[in-house]
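The values are calculated or read from the model by the stated rules, or taken from the named source; none is laboratory data. The structure presented is a predicted model; accordingly, all values stated were derived computationally and were not measured. In this analysis, Cβ positions are derived from the backbone assuming ideal geometry, glycine residues included, and neighbour counts consider all displayed protein chains. Side chains included, ligands, DNA and RNA excluded: accessible areas come from the protein's heavy atoms. Shrake-Rupley method; radii C 1.70, N 1.55, O 1.52, S 1.80 Å.
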Amino acid sequence: MTQEISIQLTTEPRTRPDSEKLGFGKYFTDHMFMMDYTLEKGWHDPRIVPYAPLQMDPASMVFHYGQAVFEGLKAYQTASGELLLFRPDKNMTRLNRSNERLGIPEVSGDFVIEAIRTLINIDRAWVPTAPGTSLYIRPFIIATEACLGVRESHTYQLIVILSPVGAYYSGGLAPVKINVESSYTRAVQGGIGHAKAAGNYAASIKAQSNAKKDGYSQVLWLDALEKKYIEEVGSMNIFFKIGGKVITPAINGSILEGVTRASVLELLGSWNIPVEERKISIEEIFEANAKGELEEVFGTGTAAVISPVGELYWNDRQVLINNGQIGPYSQKLYDTLTGIQTGRLPDPLKWTMPV
């Protein structure tokens, strides 16, 4: 796709927020990227316009049948002022995998990356510079046809918005408490769990809310059929270090294939650390702990990069992991990944892309 991107600059720039009070996803930059799809034209009219509310028909199919997918990635500013993206090609591959599952037309990943780079350069002044901060990038696609028939939409919009975000761990990397969810289900094999679909997150909100009321940061999801095998933690992938070996649930059709997950697997492999991708039950984790073999647990995702787990609670049983302290693998992975993302460390695997 070689279409030229039209650019309309805002005449009313927004006030940029205090970098110490960014939080996550609360502030948005001056501009957004948009592109339309119709059966007749395919993807067309790529444009950057001032950030503004969308005007949509109440019968737009996204509101009724949930054809909506999204991605999440970040741009980081280096000490020299260069902006870096982290493995955006992986996000585009996953976006099209999500599109395929939900019946949404494929997009050109290379073109969307170029559009993202153009958008970031226009709103470059919004990229925060304080340690741990970054520019969060949210591409998403929604079904826009006004129709109440249950079928795929014939029109779509792809939109990219940008949000300056604060450090995920404002007080430093800290282990979190996790509740193992035994009632609700996030996804099932054959469903849309492997896609980054909006509906997956809607299905997680009730359990997450309940867990927070009980003092837990996240929910550990088990498989839908047997309520036995571990899948994800919150909106992250999950890893366990047992007896010197790192184990993570295998991609099975209901687990999202995370970009950070893939990066962790590649890093561990380059360090000659034994890794297994396989089914792992919650009972196995508790048994490993009873034997003194459960050494570390951590989640991986774009927002947190690495999220150490200090406690698991399941069926009135509690496990304290590594005395509630950060494990050496968690710390090394976090330091290495964030070092590569921000240009503080070499990038031997060629994961970063300059904006």
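Put simply, the amide H of GLU232, placed in the peptide plane, has neighbours under 5 Å in TRP221, leaving out anything fewer than 5 places away on its chain. Considering only alpha-carbon pairs that sit under 8 angstrom and 6 or more positions apart, the relative contact order computed for the chain is 18 percent. Projected label points at ASN252 and HIS64, each 7 Å from Cα along the beta carbon direction, are separated by 3.6 nanometres. Close amide H contacts of GLU276 (hydrogens built in the peptide plane, cut-off under 5 Å, sequence separation of 5 or more or a different chain): VAL246, ILE247, THR248. The region of the chain that goes longest without hitting one of the trypsin sites (Lys or Arg not before Pro) in a DSSP loop, each with at most 15 other Cβ atoms within 10 Å, is 42-150. Calculate for the chain the 222 nm mean residue ellipticity that helices alone would give, adding -39,500 (n - 2.57) per DSSP H run of length 4 or more and normalising by residue count, nearest 500 deg cm²/dmol. For the chain, the value works out to -7000 deg cm²/dmol. Between ASP335 and ASP89, residue separation times 0.36 nm minus the direct Cα-Cα distance comes to 86.3 nm. Against the chain, whose longest principal axis is taken from its Cα atoms, helix 259-270 shows a tilt of about 50°.
Starting from the coordinates of the alpha-carbon atoms of segment 212-339, obtain the Kirkwood hydrodynamic radius over all distinct pairs and give the value in Å to one decimal.
After inverting the pairwise mean of 1/r, the radius is 14.8 Å.
Applying a threshold of 28 Å to the alpha-carbon distances of LYS90/LYS245; LYS90/LYS206; LYS41/LYS196; LYS227/LYS332; LYS21/LYS212; LYS206/LYS228 flags LYS90/LYS206; LYS227/LYS332 as lying beyond it. Between the Cα long axis of helix 88-102 and the first principal axis of the chain there is an angle of about 80°, rounded to the nearest 10. Length gained on full extension, LYS26 to SER6: 4.5 nm, using 0.36 nm per residue less the C-alpha separation.
Cα centroid separation, segment 125-157 to segment 44-68: 9 Å. Computed from label points 7 Å out along Cα-Cβ, the spacing between ARG97 and VAL188 is 2.2 nm. Solvent-accessible area per residue in the chain equals 45 Å², computed with a 1.4 angstrom probe and all protein chains kept.
Quick one: longest stretch of the chain between exposed loop GluC sites (Glu not before Pro), exposed meaning at most 10 other C-beta atoms within 10 Å and loop per DSSP? The longest uninterrupted stretch comes out as 41-225.
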